[in-house]
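Pasting a structure below so you can have a look.
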Amino acid sequence: GFTGILLGALWIKIFTSNYIYDDKYKLPAGYSIGVVYGAKLNKDGTPGVYLKDRLDTALDLYYNQKIDLIVLSGERLNEDFNEIDVMEKYILANGVPIEDTYLDTGGLDTYSTVFRMKNIFQFDRVIYITQNFHLTRATFLGKLMGVDCIGFNADRSKYKNLSEHRFREVFANIKAIL
């Protein structure tokens, strides 16, 4: 029942903790592709705090030669909601050559991004770049789908609604188990 589901969620957290990193100097060699998950935009069309931290983390890994390619995964639904173009503009404005980026406009959710990296882009060895609360699920789904993946924590700010996201992730992790 419910206890079993919670134990499963705890097991996922423990299992994935071996694959999640906070220190770029402890990243294992051989992971040259960084996957940045989309997130909310500000009303003015700039990256929101979560997205900016993810992008800045990718830039840090890129400029410290930890990754060679940055995959930007998110939604491009219409002119009013277009994570991908905002993400690409930010990365390019910070000096990353366009040939070192890939755009995944079908990254509608975590599952879609993981699935597309493996089956569409055929990337088998990747670093997922997102906040710690999200890395557990992303990394678990990657391992479940046979991706040789690790996660890198993009927490760079004090987030005002972090508890809401952590609470949401409990249910998202349960969904991942099912």
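The values are calculated or read from the model by the stated rules, or taken from the named source; none is laboratory data. As the structure is a computational prediction, the values presented were derived from the model and not from experiment. Note: ideal-geometry Cβ built from the backbone for every residue, glycine included; neighbour counts use all protein chains shown. Just the protein is used for accessible areas: all its heavy atoms, side chains included, with ligands, DNA and RNA removed. Shrake-Rupley method; radii C 1.70, N 1.55, O 1.52, S 1.80 Å.
Return a whole-number percent for the relative contact order of region 1-83, with Cα pairs under 8 Å and 6 or more residues apart as the contact set. Walk me through the intermediate numbers first.
On the way: 70 pairs, mean separation 25.0, N = 83.
For region 1-83, the relative contact order is 30 percent.
When only Cα pairs under 8 Å and 6 or more residues apart are kept, what is the percent relative contact order across the chain? Before the final figure, lay out the partial values.
Working: 291 pairs, mean separation 48.3, N = 178.
Computed over the chain, the figure is 27 percent.
Could I ask something else about it? Please compute the per residue accessible area over the chain with all protein chains in place, 1.4 Å probe, rounded to a whole number of Å².
Numbers: 9400 Å² over 178 residues.
With the other protein chains kept in place, the chain gives 53 Å² per residue.
From the square roots a ≥ b ≥ c of the eigenvalues of the alpha-carbon gyration tensor of the chain, which class results: rounded (a/c under 1.5), prolate (a/b over b/c), or oblate?
Numbers: a/c = 1.57, a/b = 1.31, b/c = 1.20.
Prolate, because a/c is 1.5 or more and a/b exceeds b/c.
Taking only C-alpha pairs under 8 Å that are 6+ residues apart, what is the relative contact order of region 54-102 in percent? Walk me through the numbers before you get to the answer.
On the way: 37 pairs, mean separation 19.6, N = 49.
Reported relative contact order: 40 percent.
Need one number: nm distance between label points at Trp11 and Lys40, each 7 Å from Cα along Cα→Cβ, rounded to one decimal.
In this crude spin-label approximation the distance works out to 3.4 nm.
Probe radius 1.4 Å, ligands and nucleic acids left out: which of Tyr19, Tyr128 has the largest accessible area, and how do the rest follow? Before the final figure, lay out each step's value.
On the way: Tyr19 70, Tyr128 0 Å².
If we order Tyr19, Tyr128 from most to least accessible, we get Tyr19, Tyr128.
For a quick protection proxy, order the peptides 42-49, 30-37 by their average other-Cβ count within 10 Å, most packed first.
Details: 42-49: 12.6, 30-37: 21.6.
Most protected by this proxy first, the peptides run 30-37, 42-49.
Something else about it: Any chance you could look up the accessible area of Phe152 with a 1.4 Å probe, heavy atoms only, rounded to 10 Å²?
Result for Phe152: roughly 10 Å² accessible.
Using the per-residue mean of other Cβ atoms lying within 10 Å as a proxy for protection, in what order, highest first, do the peptides 89-97, 61-69 fall? Please list the in-between numbers first.
Values: 89-97: 13.9, 61-69: 16.3.
Going from most to least packed, we get 61-69, 89-97.
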